[in-house]
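Undergrad: Shown below is the structure under consideration.
Derivation of every value follows stated rules applied to the coordinates shown; laboratory data play no part. Fair warning: this is a prediction, and the values are worked out from it, not measured in the lab. A quick note on method: Cβ atoms are made from the backbone with ideal geometry, for glycine too, and the neighbour counts reach across all protein chains shown.
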Amino acid sequence: MEPASIYFVLGIPLAGAALLALIGQRRWAAEANATMSFGTVVASVFLAARVIADGPFTAPILPIALLELFGPPDEALKEQIFVDPFNVFLVALTAFVGFTTALFSRPYMRIEEQHGRVNAARLRLYHSMYQLFCFTMALCLLSNNVGILWVALEGATLSTVLLVSLYRTPASLEAAWKYFILCSVGIAQALFGVILLYFAAEKVLGPGGTSRGCDGLHALEGGVRALHVGLEVAQVAVRPPVLLAGDLAGGDLVEQADGAVRDVGEGHGESRLVDQ
C-alpha cells in the first residue's frame with residue numbers, strides 16, 4: 001500500500017495554491033502560506049522515515065482508489081512516483097527551504113503592501129504561485145516519468161516568471177521576460193533530450209510506460225552503459241542553439257543519437273551473453 005505521506009507532500013502545496021488564489025489577500029494569508037509549507041516539511045520527514053525503514057519504493061501519482069474509479073489502472077500508472085534515499089533527502093531539503101522562506105516573506109510582504117508596492121490581487125498571486133512552485137519542485141524530485149518531470153519543470157518555470165514580475169515595474173517585467181526566454185530555450189532542449197532518451201530506452205525495454213520510468217532506466221542489465229548513453233544524450237540536448245542547428249543541418253545529431261541507441265543495444269546483448 002502506498003504511504004499517505006507522499007500524497008501530503010504533493011497535495012498540501014497544490015491545495016494551498018488553489019486556496020491562496022482565492023484568499024491570498026487576507027491578513028492571515030501569510031500565516032496560512034507558512035503553515036502549509038510547514039505541513040509539507042512534516043510530511044517530507046515522515047516520507048524520509050518510511051524510506052529509511054523500508055527502502056526505495058514506487059507509487060501511483062494518485063491513490064489507487066481514485067485510479068480505479070476510471071477502470072483497472074495500467075501497471076505503468078502505478079509506478080509514476082519513485083522515492084529513494086537520495087531524492088527523499090532533496091524533497092525534505094526543498095520543503096525546509098520553502099518553509100523558512102515563507103516565514104521570512106510574512107513581514108516582508110506586509111511591508112511591501114503598506115508601502116503600496118503590491119495590492120490585494122498581487123498578494124493572491126504571490127501566495128498562490130509560491131505554493132505552486134513548491135508543488136512543482138516536489139513533483140520534479142519524485143517523478144518516475146521523464147515526461148511528467150519535464151512538465152513539472154515547465155510549471156516551475158512559469159510560476160517563477162509570475163513571481164519575478166510581481167511588482168509589474170519595467171525592471172521586473174524585463175527580468176521576467178529574460179528569465180522566461182532563457183528558461184524556455186533550456187526547457188525546449190530538455191524536451192528534445194527526453195525524446196532521445198525515450199527512443200534509446202525503448203530499444204531495450206520495449207514500448208510502453210517502462211521505457212519512460214526513471215527506475216526502469218536504472219534497472220537495465222547494462223546499467224552503467226545505459227547511464228553513459230543518458231549522459232551523451234544530455235550533452236547533445238544542452239548544446240547552444242547555434243551548434244544544435246548546425247548539427248541538425250549536417251546530420252551529426254542523428255548519427256550521435258543512433259550511436260547512443262546502438263550502444264544501449266550492444267550493452268544489453270553483452271549482459272545477456274554473460275548471464276547465459
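Undergrad: With contacts defined as alpha carbon pairs under 8 Å and 6 or more residues apart, what's the relative contact order of region 4-144 in percent?
TA: Values: 175 pairs, mean separation 58.2, N = 141.
Computed value for region 4-144: 41 percent relative contact order.
Undergrad: Expressed in whole Å with the largest first, what are the equivalent ellipsoid semi-axes of region 124-185 derived from the C-alpha gyration tensor as the square root of 5 times each eigenvalue? Before the final figure, lay out each step's value.
TA: Values: eigenvalues 108, 40, 5 Å².
So the equivalent ellipsoid measures 23, 14, 5 Å along its semi-axes.
Undergrad: Please report the orientation-averaged projected area of region 25-147, defined via the convex hull of its C-alpha atoms, in nm². The partial results should precede the final answer.
TA: On the way: hull surface 36.8 nm².
Reported value for the Cα convex hull: 9.2 nm².
Undergrad: OK, next. Using just the alpha carbons, could you tell me how many Å³ per residue the convex hull of region 1-55 encloses? Write down the numbers at each step before the final one.
TA: On the way: hull volume 2.9 nm³, N = 55.
For region 1-55, the hull spanned by Cα atoms encloses 53 Å³ per residue.
Undergrad: Rank these for me by crowding, Thr157, Thr101, going from fewest to most other beta carbons within 10 Å. List each step's numbers first, then the result.
TA: Working: Thr157 18, Thr101 15.
Starting with the residue having the fewest Cβ neighbours, the order is Thr101, Thr157.
Undergrad: Based on other C-beta atoms within 10 Å, arrange Leu182, Leu103, Leu132 from fewest to most.
TA: Numbers: Leu182 11, Leu103 16, Leu132 24.
Sorted ascending by nearby Cβ count, the order is Leu182, Leu103, Leu132.
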